[in-house]
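A.B. asks: Got a structure here, written out as structure tokens. Questions coming.
FYI, it's all coordinate maths here, none of it is from the lab. Remember, it's a predicted structure, so these values are computed and weren't measured experimentally. Glycine also receives a Cβ, built like all others from the backbone with ideal geometry; neighbour counts cover every protein chain displayed.
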Amino acid sequence: MSSGGDNVQIAVRMRPFNERELALESPACVTMPTEHMVVVTDPTDGEKQHSFSFNYAYNSFVDAHDEAYASQEKVFDDLGKAYLEAAWAGYNTSVFAYGQTGAGKSYSMSGYGEELGIVPRGLRELFARIDANQVDDLSFRVEVSYLEIYMEKIRDLFNPKQAVASLKVRESPKLGIFVEGLSRRAVTSYEDVEVLMELGNTMRTVAQTNMNATSSRSHSVLTIYLTQTRVDQATMTASDLTSKINLIDLAGSERQNKTGATGKRLKEGSAINQSLTALGNVIEALADNCMPAEQGKRRRKRIVPYRDSALTRILQESLGGNAKTIMVAAISPAADNYKETLSTLRYANRASKIQNVAVINES
Ligand code: ADP
Ligand code: MG
């Protein structure tokens, strides 16, 4: 068993200026003085600074030749290897990306073009490991599922017929939390997953907002189910080591007034934020419960409101449960995004207080 703060790791990643920020000539308001520290300065009052400390502070804002530059490779070397290692050992693991639209969530998770993110790099490495471990008494099974949560409805991105149906989250002693009816596909290579995900992505709900040309307004969850079956040659009995890897790209966390949303977009925004608000409440309750009690007093544990949204139900095991979890908080360097950046960092800071207890799944 592995417990304590180590099971929840928080990484903050700052992207370069985008076209819009360059055009605005917005100054930068974030610095990362060490590999762990993030400092934000109030653009209206240079004296007002907020300092945070995280497991990782990734600076992708500095020049790519700078020693401090956090490349896709560097981020994978830390975070990707960590989640793979945990999954390989039989732990459930989750990586989720949080942040305002355009802050770099999808860049970190999936990546763009040659700049592969931690999901494709992780899958490549997973299959490479499987290839390197081909021995007689050991066999592997890898399955994937891919879903989207849009306005509190869950849709299966691998099953076009079911596209508009809303799937339900269930819980069982054997399976833990699962989405009923969600299809799983067996895969034997990264390319298998890539093809499936490309198909799935064409079904994702995307819409135009002012903040980002094709910002995703929905949360996506790619789950990898890894089963390692070992046959004891003496007794010819088989035992399974299983792991569930959740890779989550959340919808933008921004408040609606800045995106110029109206009508359906606005309603959509509030439903998306309902999920993120619920996530925030879950994080807050968990963080509170992990605070040490005052001397001589017993602390009453708060009820964690997992059932308030589809997102928090699905993430239940990842947050405060049986899992090793990594949160990637994506931020913009620009003063123009000061409020959103500060809000993301506060969110991440709260999440860093959570302690998960992780046990391996052996049967
Ligand atoms: P989000 O998924 O949070 O809405 P994206 O990941 O799509 O945002 O990023 C928005 C834009 O910024 C993309 O064009 C992406 O290539 C670029 N970008 C994001 N993070 C980085 C980074 N670390 N380095 C370079 N470009 C980045
Ligand atoms: Mg995105």
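A.B. asks: Which entries in the list K74/K105; K301/K353; K174/K244; K48/K339; K105/K153 go over 19 Å, if you measure between the two C-alpha atoms of each?
C.D. replies: As for pairs spanning more than 19 Å Cα to Cα, those are K105/K153.
A.B. asks: Given the options Q72, Q274, Q49, state which has the largest fluctuation in a GNM of the chain using a 10 Å cut-off (strictly under) for Cα springs.
C.D. replies: The residue that fluctuates most here is Q49.
A.B. asks: So, with +1 on the Cβ of K and R and -1 on the Cβ of D and E, and no other charges, what is the size of the charge dipole of segment 1-59 about its Cα centre, to the nearest 20 debye?
C.D. replies: The calculated dipole for segment 1-59 is roughly 180 debye.
A.B. asks: Let me ask something additional. Mind checking which of L247, L24, L175 has the largest fluctuation in a GNM of the chain, springs on alpha carbons under 10 Å?
C.D. replies: L175
A.B. asks: Given charges of +1 on the Cβ of Lys and Arg and -1 on the Cβ of Asp and Glu, with all other atoms neutral, how large is the dipole of the chain about its Cα centre, in debye to the nearest 20?
C.D. replies: Dipole about the Cα centre, nearest 20: 1800 debye.
A.B. asks: From the helices alone, meaning DSSP H stretches of at least four residues, give me the mean residue ellipticity at 222 nm for the chain, per-run term -39500 (n - 2.57), in deg cm²/dmol to the nearest 500.
C.D. replies: -8000 deg cm²/dmol
A.B. asks: Identify, among F158, F54, A128, the residue whose Cα sits farthest towards the positive end of the charge dipole of the chain, taking +1 on the Cβ of Lys and Arg and -1 on the Cβ of Asp and Glu, with the dipole about the Cα centre.
C.D. replies: Highest projection toward the positive end goes to F158.
A.B. asks: Mind jotting down the distance between the C-alpha centroids of segment 216-250 and segment 330-363, whole Å?
C.D. replies: Centre-to-centre (Cα) distance: 25 Å.
A.B. asks: Among all stretches of the chain without exposed GluC sites (Glu not before Pro) (DSSP loop, at most 11 other Cβ atoms within 10 Å), which one is longest?
C.D. replies: Counting only loop sites that pass the neighbour cut-off, the longest clear stretch is 181-293.
A.B. asks: Using a 10 angstrom cutoff on alpha carbons, build the Gaussian network for the chain and name the most mobile of P305, P120, P27.
C.D. replies: The residue with the greatest mean-square fluctuation here is P27.
A.B. asks: For L84, what is the net charge nearby, where nearby means another residue's Cβ is under 13 Å from its Cβ and Lys, Arg count +1, Asp, Glu -1?
C.D. replies: So the environment of L84 carries a net charge of +1.
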